[in-house]
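Chemist: Dropping the structure in here first, questions after.
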Amino acid sequence: VNLIDDAALTSDSQLATLPAENVQNAHLSTRWRTAGVTTAYLDADFLSSVAIGVIAVLGTNLTSGATIRIRLSNTAPSTGDLLDTGVISAGVSNAYRNAFYIPSTPITARYMRIDLVDANAVNPQTGTGVAGFLEVGRVVAAPVFRPTINFSYGWGPGWVDPSRKTRSENGQLYIDRVPRFRVLNFTLDALSEAEALGQIFELDRVVGASADILAIADPGSTYQSESAIWGPVAAMSAVFNPAFDDRWAKTYTIEERL
């Protein structure tokens, strides 16, 4: 569950036509845009204290030079009495333009403030040049599940290109190009019964194949952005028990949300 979607949001800068509330829209292409500034914050009031185990800022025009500061509190968005990261690198890849933060342990808080700064934020239409504003497509603040035993070998990210190819009567190839998207495939094949039926099965009930999941396959790695996926599962599959002992398994294919 993305807790941002039911939060009350405010920002110190936004266009009337592209307000901060756009980060609650499912599509990353519907964005919050600042009003001609490259320094801005987003405040979230979750209305009650909630457990936050992962935070992500997705679909941005940020660059590798961007900085971020995250504060969590139970008093006001800016106090950071529970967490204050200070100003740190956003860790953005210029190819993917997403930022992730995973606290060492989940934090129960009512308020969150995210400060973003990037004087070199790029033109989101061309991916080059200096835009003079910030854009964000989606913000995620959510509980986190970490299996005791990692997924098995054979996992990996990949690309899907749904462009349509047609040949004319003369054999010429015509391609209707559409945006490509990534997929992430992995299998959790060493789940305990409590993990499988208490958490994974519950995830299926709540999220199904229509809501989005954030999967960060290799947190903190050099290629974290390449293998992290935000989107729905391609199709539902069963949680299954492949052995006599307390060992359960689940296979995922997650499709990137654009």
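Results for (1) of a type in the set (G, A, S); (2) assigned to a loop (DSSP other than H, G, I, E, B); (3) modelled with pLDDT under 95, shown as yes or no for each residue.
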residue	(1), (2), (3)
W159	no, no, no
I175	no, no, no
S221	yes, yes, yes
E226	no, no, yes
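Chemist: In region 94-111, which residues are part of a strand (DSSP E or B) and open to solvent by 40 Å² or more (accessible area, probe 1.4 Å)?
Modeler: Step one: list which residues in region 94-111 are part of a strand (DSSP E or B), which gives 99-101, 107-111.
Passing the criteria: Y101, T108, R110.
Chemist: So, A35, is that one hydrophobic (A, V, I, L, M, F, W, C) and part of a loop (DSSP other than H, G, I, E, B) or not? So that I can check it myself, show each step before the final result.
Modeler: Values: hydrophobic (A, V, I, L, M, F, W, C): yes; part of a loop (DSSP other than H, G, I, E, B): yes.
So A35 fits the description; yes.
Chemist: Name the residue that is surrounded by the fewest Cβ atoms within 10 Å (Cβ to Cβ), counting only residues in region 230-253 that are out of contact with any Lys or Arg (no Cβ under 9 Å at 6 or more places or on another chain) and over 17 Å from L197 (Cβ atoms). Lay out the reasoning, then the answer.
Modeler: Here is the first cut: in region 230-253, the residues out of contact with any Lys or Arg (no Cβ under 9 Å at 6 or more places or on another chain) are 233-236, 242-253.
Pick out the ones that are also over 17 Å from L197 (Cβ atoms) and you get 233-235, 253.
Working: V233: 22, A234: 14, A235: 9, T253: 15.
The qualifying residue surrounded by the fewest Cβ atoms within 10 Å (Cβ to Cβ) is A235.
Chemist: All but one of (1) open to solvent by 20 Å² or more (accessible area, probe 1.4 Å); (2) closer than 27 Å to T60 by Cα hold for A217; which doesn't?
Modeler: Among (1) open to solvent by 20 Å² or more (accessible area, probe 1.4 Å); (2) closer than 27 Å to T60 by Cα, the lone unmet condition for A217 is (1).
Chemist: Tell me, which residue of region 84-93 that is touching a residue at least 24 places away in the same chain (Cβ under 8 Å) and open to solvent by less than 30 Å² (accessible area, probe 1.4 Å) is nearest to I52 (Cα to Cα)?
Modeler: Top of the filtered list is A90.
Chemist: Considering each residue of region 195-210, count those that are touching a residue at least 24 places away in the same chain (Cβ under 8 Å) and open to solvent by 40 Å² or more (accessible area, probe 1.4 Å), and give that number. Step through it out loud before you land on a result.
Modeler: Filtering region 195-210 down to residues touching a residue at least 24 places away in the same chain (Cβ under 8 Å) leaves 195-197, 199-201, 203-204, 206-209.
Adding the requirement that they be open to solvent by 40 Å² or more (accessible area, probe 1.4 Å) leaves 197, 199, 201, 203, 206, 209.
So the answer is 6.
Chemist: Going by what's in this entry, would D45 be described as farther than 14 Å from V117 by Cβ, open to solvent by 50 Å² or more (accessible area, probe 1.4 Å) and touching a strand residue (DSSP E or B) at 6+ places or on another chain (Cβ under 9 Å)? Before the answer, list the steps.
Modeler: Working: farther than 14 Å from V117 by Cβ: yes; open to solvent by 50 Å² or more (accessible area, probe 1.4 Å): no; touching a strand residue (DSSP E or B) at 6+ places or on another chain (Cβ under 9 Å): yes.
It is false that D45 is farther than 14 Å from V117 by Cβ, open to solvent by 50 Å² or more (accessible area, probe 1.4 Å) and touching a strand residue (DSSP E or B) at 6+ places or on another chain (Cβ under 9 Å).
Chemist: Just to verify a result, which residue in region 112-134, among those that are in contact (Cβ under 8 Å) with a residue 12 or more places away in the chain and open to solvent by 40 Å² or more (accessible area, probe 1.4 Å), is nearest to G53 (Cα to Cα)? I'd like the intermediate steps shown before the answer.
Modeler: Taking region 112-134 as the starting set, the residues that turn out to be in contact (Cβ under 8 Å) with a residue 12 or more places away in the chain are 112-124, 131-134.
Right, trim to open to solvent by 40 Å² or more (accessible area, probe 1.4 Å) and you get 117, 119-120, 123.
Numbers: V117: 23, A119: 29, N120: 29, N123: 31 Å.
The extreme case among them is V117.
Chemist: When the residues of region 71-93 are narrowed to those that are part of a loop (DSSP other than H, G, I, E, B) and of a type in the set (S, T, Y), which ends up modelled with the highest pLDDT? Full working, then the answer.
Modeler: Keep residues of region 71-93 that are part of a loop (DSSP other than H, G, I, E, B), which gives 74-82, 85-87, 90-93.
Imposing the further condition that a residue be of a type in the set (S, T, Y) reduces the set to 75, 78-79, 85, 93.
On the way: T75: 94, S78: 93, T79: 94, T85: 97, S93: 92.
Filtering first and then ranking leaves T85.
Chemist: Restricting to region 228-258, give me the number of residues that are closer than 30 Å to A90 by Cα and outside any loop (DSSP other than H, G, I, E, B). Spell out the reasoning first.
Modeler: As a first pass, look at region 228-258 and keep what is closer than 30 Å to A90 by Cα: 228-234, 252-258.
Narrowing further to those that are outside any loop (DSSP other than H, G, I, E, B): 228-231, 233, 252-255.
Final tally of qualifying residues: 9.
Chemist: From the set of residues in region 112-140 that are assigned to a strand (DSSP E or B) and not hydrophobic (A, V, I, L, M, F, W, C), which is nearest to D81 (Cα to Cα)?
Modeler: Initially, region 112-140 is screened for residues assigned to a strand (DSSP E or B), giving 112-117, 122, 130, 135-136, 138-140.
Still in the running and not hydrophobic (A, V, I, L, M, F, W, C): 113, 115, 135, 138.
On the way: R113: 12, D115: 16, E135: 28, R138: 25 Å.
This residue is R113.
Chemist: In addition: Output the residues belonging to region 160-193 that are within 16 Å of A217 (Cβ to Cβ), open to solvent by 40 Å² or more (accessible area, probe 1.4 Å) and out of contact with any Lys or Arg (no Cβ under 9 Å at 6 or more places or on another chain).
Modeler: N185
Chemist: Pull up region 3-26, narrow it to residues that are at pLDDT 95 or above and part of a loop (DSSP other than H, G, I, E, B), then point me to the one that is surrounded by the most Cβ atoms within 10 Å (Cβ to Cβ). Spell out how you get there, then give the answer.
Modeler: Pass one, region 3-26, residues at pLDDT 95 or above: 3-25.
In the following step, the residues that additionally are part of a loop (DSSP other than H, G, I, E, B) were identified as 7, 12-14, 16-17, 19, 25.
Numbers: A7: 23, D12: 14, S13: 18, Q14: 20, A16: 6, T17: 7, P19: 16, N25: 14.
This residue is A7.
Chemist: Going through region 87-137 one residue at a time, which ones are of a type in the set (D, E, K, R), closer than 19 Å to V37 by Cα and out of contact with any Pro (no Cβ under 8 Å at 6 or more places or on another chain)? It would help to see each step written out before you state the result.
Modeler: Our first condition is that a residue be of a type in the set (D, E, K, R); within region 87-137, this holds for 97, 110, 113, 115, 118, 135.
From what is left, the residues that are closer than 19 Å to V37 by Cα are 97, 113, 115, 118, 135.
Correct list: R97, D115, D118.
The values are calculated or read from the model by the stated rules, or taken from the named source; none is laboratory data. Computed from a prediction, not measured in an experiment: that's the story for all the values here. Glycine also receives a Cβ, built like all others from the backbone with ideal geometry; neighbour counts cover every protein chain displayed. SASA here: full protein model, heavy atoms, side chains in, ligands and nucleic acids out. Shrake-Rupley method; radii C 1.70, N 1.55, O 1.52, S 1.80 Å.
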